[in-house]
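**Q** Handing you a structure now.
The values are calculated or read from the model by the stated rules, or taken from the named source; none is laboratory data. Predicted model, so just to flag it, every value in this text is computed and none were measured. Note that each Cβ is placed from the backbone with ideal geometry, even for glycine, and that neighbours are counted across all protein chains shown. What goes into the accessible areas is simple: the full protein's heavy atoms, side chains included, and nothing from ligands, DNA or RNA. Shrake-Rupley method; radii C 1.70, N 1.55, O 1.52, S 1.80 Å.
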2 protein chains.
Amino acid sequence: MLNVAETTGRSLFITTADLEDLAQGAAFLGTGGGGDPYIGRLMAKHAIEEYGAPEIIEASELDDDATVLPAAMLGAPTVLVEKAASGEDIDYSIKRLAQLIGKQADAIMPIEIGGINSVIPVVAAARLGLPLVNCDGMGRAFPELQMVTFNVFGVPATPAVIVDERLETVIVETNDGKRAEDLIRAAAIRMGLSVMISCYPMNGRQVKQYAVKGTLTLALGVGRALSQGRKEGEPIEALLEYLRSTEYYNHCKVLFDGKITDLRRETTGGFSMGHCELAALDGSERRMTVLFQNENLVARVGGKTVAVVPDLICIVDRETGRPVTVEALKYGQRVKVIGTSAAPIMRRPESLAVFGPQAFGLEEEFIPIEEFGERGRI
Amino acid sequence: MLNVAETTGRSLFITTADLEDLAQGAAFLGTGGGGDPYIGRLMAKHAIEEYGAPEIIEASELDDDATVLPAAMLGAPTVLVEKAASGEDIDYSIKRLAQLIGKQADAIMPIEIGGINSVIPVVAAARLGLPLVNCDGMGRAFPELQMVTFNVFGVPATPAVIVDERLETVIVETNDGKRAEDLIRAAAIRMGLSVMISCYPMNGRQVKQYAVKGTLTLALGVGRALSQGRKEGEPIEALLEYLRSTEYYNHCKVLFDGKITDLRRETTGGFSMGHCELAALDGSERRMTVLFQNENLVARVGGKTVAVVPDLICIVDRETGRPVTVEALKYGQRVKVIGTSAAPIMRRPESLAVFGPQAFGLEEEFIPIEEFGERGRI
C-alpha cells in the first residue's frame, strides 16, 4: 500500500497530502483512544512545509546497530489542543534521549500508530531531518506505556525523557516497564498532561525483531480506503475490503450495527473509563456493550464476548465510516462497531500477559476474533 | 566549636561519638521539622564503622572549580523508618548526578542542616570517601527544595537526581527552583515518599559565595550544649549560652514557657500543616499560638507576632531541653518555645522573597526577632 505516499526513485516520503488519510487511519487504529490527531496533523503539515517531507524506511533497512528513537505525546489530547506543542519540545525529547545514551539518532519511529502518535513522529522526523521507520510497538493504541511489544520482549522503556512546552524535563530510569509508566504518568500529570516523550531507545536489531512492522503505511491505507470508499458511497465496505487485504487486520467484521442507548464515561487517574450500550437497528432485541479504558477493550452481545483486546474494536459512523473516539461518543449516535484481528506478535502468550484482557482487569481469556461465530465462540 | 569532633593534625573528622550530639542539634535547628534524625544517625554510624570517618572541611578550603554535590533525603521521615535506606541509594544519587554533569564529585555537602538531612551527607561522605563541607543552604530546615540560599542567588536546583530503595531514578531538569520542587515532589510521592536526592550541583566558588557556613559544627555545638547542660541540670540555660556565642543564632530567647492546650495537625500535599496553642505556666492568661508547615513558621502571643520565619522557632521539652518535632507534639506537654535569629544571608530581601513569611502565605512582614520587645515590636 505504498501508493498512498509519494515515491521518488526507491525512496518513499510522507507528504502533506498524505496527512489527512494518515490521521483518519490512525483514528481507526486508535480503537476509540489514542487522541484525536487533528492538532498533530496541523503540526506535521507545518513541519513538512518548513523542513521537507521525511523519508519513510522499512525496519528491514535498518543497520543492526542503528539508533532508533521513538517520539510520542503523552497525556490528555484535549489539553494538547489548548496548549499546542511548539515542535521544539518534540525535538528536545529526542535530542536529550540521544545525549543520555551517548548516541546520535539515526531514525525516528512511532511507538503507537493509533491516534495522535501516528503524526507526532512525522513532526520529529521532519524537524530533525531523519528517516521515519514504518512500524510501531502495537499496531493500534493502548493507554499505558508498558503496553508495547518492546517491553514484552525485554527492551527497557527507559531512559525516558518527558518534556513540556517550556522544555522542562523529567527523566525516568528503571528496568521495570510498569514502574516507568507509573513514574512517567505522575510527572506528566504534574506537567499539565500534555508532554512529549521519547523512550524505549533501541538499536536496529531490536526494532527488526520486536516492532509491529508496516503500520505507518497500514494507517495510511485505512484512511485512504475510507476516503476513496466515501467518494464511491460505500466507505465501510471499502474499509473492510482493505482490512482483509492486510497481513494483520485481515480477520475483520462488522460486530454490530446500532445506536447508542447508554453511555457511562468518567475520567479516573488520567484515563477515560466506562462503557456504552447499543441497540440493534434491525428491529431485533440484540444489545451490545463496549467497555473502554481510553481504548475500547471488549465488545459483548447479550453478555457474550464477540471481540476482546488486543484485537481491535473500532466504532465508526454508520454512514461515513468516520472513526468515533470514546470522547466523541454521543447518546443516539448511529454507528457500526468493527472488530479486527491484531498483529500475530500481539497475540502471543507473553504479549497477552502485558496487554491481554486480564491486564485490564477483565476476567475473560483472550480469544481471537476469527474464533467467535455468530452465537459466540465457534 | 571544633572541639566536638576529633582533630587529627589539622584535619577534622566526624566520628560515631559525635552523631548523637549532631542529631540532637540538628533536631533543634529543624525547628519542628526536618525529620527525626534517629534512622539517619544509625545509618551514619554504620557507614562510619564500615568506611571510616569522613573529613570535615570548611567552604573556604574549596577550590573555586571543585565539584560539590549535596546529599539529602526527601519525603516523609515516618516512611523512611519503615523502608530504611540501603546507603546504596544515597551513593547512587550522587554518582548519577556527577555523571550527568560530566564531573567527579570532590566533596559532599548538606543542603539542610535541620533534621535528618544533617546526617544523610555523613553517610554519603563516608561511603564515597569524600570530604564533607561544613555548611548548608539555610542553617535550619525548610519544607521545600527551592527554599535555599543557592536558589535565592540563582544557582539552578537541577539536574536533580531522585533515587528510591530499588535504585529507580527520576531526574528533573528545569531552571525554575519552585518548578523543580513541584516535579520532584510529584516523583517522590509516587516513589513512596522516602527518596534520596542530590541536586544543586555546585562549584567551590558558588558554595563559598552562597552557603550558610559552619552549620554542621553549629549543629554539633547545639547538641553538645544540650547534652552538657543536661548533665549540669540546666540544659536550656546551656543551650541559650551556646547560641549567644554563635554568629547566626546569637539573638535568642525563651519566647514562651507553657503547656500545650490545643493542637491541630493535618497532612496535606505531603506536608504536616497546622498549629498548636500553649497556655502560660506562670498563672497568667498569656497564650501562644505556633503555626507550622512541617517547620514552625510563626509564634504569636495574644495575637501579636513574637518571632517569624526565617528566624528559628524551636519547641523543646521544658525540663530536658530535648527538641520536640511537630509530629511529636502532644496535648498537655510542658515545653519552652525558643526563638533565634537566622543567619544574616537568610534575612536579605531576596531571601525573604523565597522563604520569608509571605512565601508561606502569612500576611505579616518579616521582623527580626531582636526587634520584638516584651509587648510586640520594639
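**Q** B:Val212 passes all but one of (1) open to solvent by less than 10 Å² (accessible area, probe 1.4 Å); (2) over 23 Å from B:Ala342 (Cβ atoms); (3) out of contact with any Pro (no Cβ under 8 Å at 6 or more places or on another chain); (4) touching a residue at least 60 places away in the same chain (Cβ under 8 Å); which number fails?
**A** (2)
**Q** Go through (1) open to solvent by 50 Å² or more (accessible area, probe 1.4 Å); (2) in contact (Cβ under 8 Å) with a residue 12 or more places away in the chain one by one and return the number of the condition A:Asn296 breaks.
**A** (1)
**Q** For segment B:290-378, give me every one of the strands (runs of 3 or more DSSP E) that falls completely inside it and has 2 or more residues that are under 17 Å from B:Lys259 (Cβ atoms).
**A** On the way: elements: B:295-301, B:304-308, B:312-317, B:334-340.
Output list reads B:295-301, B:312-317, B:334-340.
**Q** Would a scan of segment A:165-180 turn up a residue that is touching a Phe, Trp or Tyr at 6+ places or on another chain (Cβ under 9 Å) and over 28 Å from A:Met273 (Cα atoms)? Please lay out each step first, then the result.
**A** Taking segment A:165-180 first, the residues touching a Phe, Trp or Tyr at 6+ places or on another chain (Cβ under 9 Å) are A:167, A:169, A:177.
From what's left, over 28 Å from A:Met273 (Cα atoms): A:167, A:169.
Yes.
**Q** Let me ask another. Which residues, counting only those in segment B:330-353, are surrounded by fewer than 21 Cβ atoms within 10 Å (Cβ to Cβ) and touching an Asp or Glu at 6+ places or on another chain (Cβ under 9 Å)?
**A** B:Tyr331, B:Gln333, B:Arg334, B:Pro344, B:Arg347, B:Leu352
**Q** Being assigned by TED's automatic domain parsing to the domain that holds B:Ser341 and under 21 Å from B:Ser227 (Cα atoms) narrows it down to one of B:Lys253, B:Lys259, so name that one.
**A** On the way: B:Lys259 fails: under 21 Å from B:Ser227 (Cα atoms).
Of B:Lys253, B:Lys259, the one residue that is assigned by TED's automatic domain parsing to the domain that holds B:Ser341 and under 21 Å from B:Ser227 (Cα atoms) is B:Lys253.
**Q** So which helices (runs of 4 or more DSSP H) are wholly in segment A:14-128 and hold at least 2 residues that are in contact with a strand residue (DSSP E or B) (Cβ under 8 Å, 6 or more places away or on another chain) and farther than 21 Å from A:Thr217 by Cα? Explain how you work it out, then say what you get.
**A** Values: elements: A:19-29, A:38-51, A:77-83, A:88-101, A:120-128.
Ranges flagged: A:77-83, A:88-101.
**Q** Could you go through segment B:246-256 and let me know if any residue there is of a type in the set (A, V, I, L, M, F, W, C), open to solvent by less than 10 Å² (accessible area, probe 1.4 Å) and under 25 Å from B:Ile116 (Cβ atoms). Write out each step before concluding.
**A** Filtering segment B:246-256 for residues of a type in the set (A, V, I, L, M, F, W, C) gives B:252, B:254-256.
From the residues that got through so far, the ones that are open to solvent by less than 10 Å² (accessible area, probe 1.4 Å) too are B:256.
Subsequent filtering for residues that are under 25 Å from B:Ile116 (Cβ atoms) retains none.
No, segment B:246-256 contains no residue that is of a type in the set (A, V, I, L, M, F, W, C), open to solvent by less than 10 Å² (accessible area, probe 1.4 Å) and under 25 Å from B:Ile116 (Cβ atoms).
**Q** Next question. Which condition number does B:Gly154 fail, the rest of (1) farther than 22 Å from B:Asn294 by Cβ; (2) within 12 Å of chain A (Cβ to nearest Cβ) being met?
**A** Exception for B:Gly154: condition (2).
**Q** While we're looking at this one, here's another question. Which of the residues that make up segment B:158-168 are in contact with a strand residue (DSSP E or B) (Cβ under 9 Å, 6 or more places away or on another chain) and open to solvent by 10 Å² or more (accessible area, probe 1.4 Å)?
**A** In the first step, residues of segment B:158-168 are kept if they are in contact with a strand residue (DSSP E or B) (Cβ under 9 Å, 6 or more places away or on another chain); the result is B:158-165, B:167-168.
Matches in segment B:158-168: B:Thr158, B:Pro159, B:Glu165, B:Leu167, B:Glu168.
**Q** So if I check each of B:Glu55, B:Glu61, B:Glu50, which one is outside the structural domain of B:Ala307 (by TED's automatic domain parsing) and farther than 20 Å from B:Cys135 by Cα?
**A** Details: B:Glu55 fails: farther than 20 Å from B:Cys135 by Cα; B:Glu61 fails: farther than 20 Å from B:Cys135 by Cα.
Criteria check complete, one pass: B:Glu50.
The rows are residues; the columns are (1) at pLDDT 95 or above; (2) over 17 Å from A:Ile189 (Cβ atoms); (3) not polar (S, T, N, Q).
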{"position": "B:Ile171", "(1), (2), (3)": "yes, yes, yes"}
{"position": "B:Asn175", "(1), (2), (3)": "no, yes, no"}
{"position": "B:Ile189", "(1), (2), (3)": "no, no, yes"}
{"position": "B:Ile197", "(1), (2), (3)": "yes, yes, yes"}
{"position": "B:Tyr200", "(1), (2), (3)": "yes, yes, yes"}
{"position": "B:Gln206", "(1), (2), (3)": "yes, yes, no"}
{"position": "B:Thr215", "(1), (2), (3)": "yes, yes, no"}
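**Q** Determine, yes or no, whether A:Ile108 is β-branched (Val, Ile, Thr), in contact with a Ser or Thr (Cβ under 6 Å, 6 or more places away or on another chain), under 29 Å from A:Tyr249 (Cβ atoms) and at pLDDT 95 or above.
**A** Numbers: β-branched (Val, Ile, Thr): yes; in contact with a Ser or Thr (Cβ under 6 Å, 6 or more places away or on another chain): no; under 29 Å from A:Tyr249 (Cβ atoms): yes; at pLDDT 95 or above: yes.
Against the criterion (β-branched (Val, Ile, Thr), in contact with a Ser or Thr (Cβ under 6 Å, 6 or more places away or on another chain), under 29 Å from A:Tyr249 (Cβ atoms) and at pLDDT 95 or above), A:Ile108 does not qualify.
**Q** Return the residues of segment A:158-188 that are within 7 Å of chain B (Cβ to nearest Cβ) and in contact (Cβ under 8 Å) with a residue 40 or more places away in the chain; say none if nothing qualifies.
**A** In the first step, residues of segment A:158-188 are kept if they are within 7 Å of chain B (Cβ to nearest Cβ); the result is A:168-174, A:179, A:182-183, A:186-187.
Passing the criteria: A:Thr169, A:Ile171.
**Q** Here's a check for you: in segment B:120-140, which residue that is small (Gly, Ala, Ser) and either closer than 22 Å to B:Lys45 by Cα or surrounded by fewer than 21 Cβ atoms within 10 Å (Cβ to Cβ) (or both) is nearest to the other protein chains (Cβ to nearest Cβ)?
**A** Pass one, segment B:120-140, residues small (Gly, Ala, Ser): B:124-126, B:129, B:137, B:139.
From the residues that got through so far, the ones that are either closer than 22 Å to B:Lys45 by Cα or surrounded by fewer than 21 Cβ atoms within 10 Å (Cβ to Cβ) (or both) too are B:124-126, B:129.
Numbers: B:Ala124: 19, B:Ala125: 24, B:Ala126: 25, B:Gly129: 25 Å.
Checked segment B:120-140; the qualifying residue nearest to the other protein chains (Cβ to nearest Cβ) is B:Ala124.
**Q** Let me ask something else about it. It is to be established whether one or more residues within segment A:190-204 are within 10 Å of another protein chain (Cβ to nearest Cβ) and part of a helix (DSSP H, G or I).
**A** Yes, there is a match, as at least one residue in segment A:190-204 is within 10 Å of another protein chain (Cβ to nearest Cβ) and part of a helix (DSSP H, G or I).
**Q** Among the residues of segment A:145-154, write down those that are touching a residue at least 60 places away in the same chain (Cβ under 8 Å), of a type outside the set (Ser, Thr, Tyr) and either under 14 Å from A:Lys208 (Cα atoms) or open to solvent by 10 Å² or more (accessible area, probe 1.4 Å) (or both).
**A** A:Leu145, A:Gln146, A:Phe150, A:Asn151, A:Val152, A:Phe153
**Q** If you don't mind, another one. Among the numbered conditions (1) within 14 Å of chain A (Cβ to nearest Cβ); (2) among the small types (Gly, Ala, Ser); (3) open to solvent by 10 Å² or more (accessible area, probe 1.4 Å), tell me where B:Ser93 comes up short.
**A** Exception for B:Ser93: condition (3).
**Q** Additional query: So which residues in segment B:215-233 are open to solvent by 10 Å² or more (accessible area, probe 1.4 Å), part of a helix (DSSP H, G or I) and either touching a strand residue (DSSP E or B) at 6+ places or on another chain (Cβ under 7 Å) or not hydrophobic (A, V, I, L, M, F, W, C) (or both)?
**A** We begin by selecting, within segment B:215-233, every residue open to solvent by 10 Å² or more (accessible area, probe 1.4 Å); these are B:217-218, B:224-225, B:227-228, B:230-233.
After this cut, where a residue has to be part of a helix (DSSP H, G or I) as well, the list is B:217-218, B:224-225, B:227-228, B:230-231.
Residues satisfying the conditions are B:Thr217, B:Arg224, B:Ser227, B:Gln228, B:Arg230, B:Lys231.
**Q** Could you tell me whether any residue of segment B:245-256 is in contact with a strand residue (DSSP E or B) (Cβ under 8 Å, 6 or more places away or on another chain) and within 14 Å of chain A (Cβ to nearest Cβ)?
**A** There is no residue in segment B:245-256 that is in contact with a strand residue (DSSP E or B) (Cβ under 8 Å, 6 or more places away or on another chain) and within 14 Å of chain A (Cβ to nearest Cβ).
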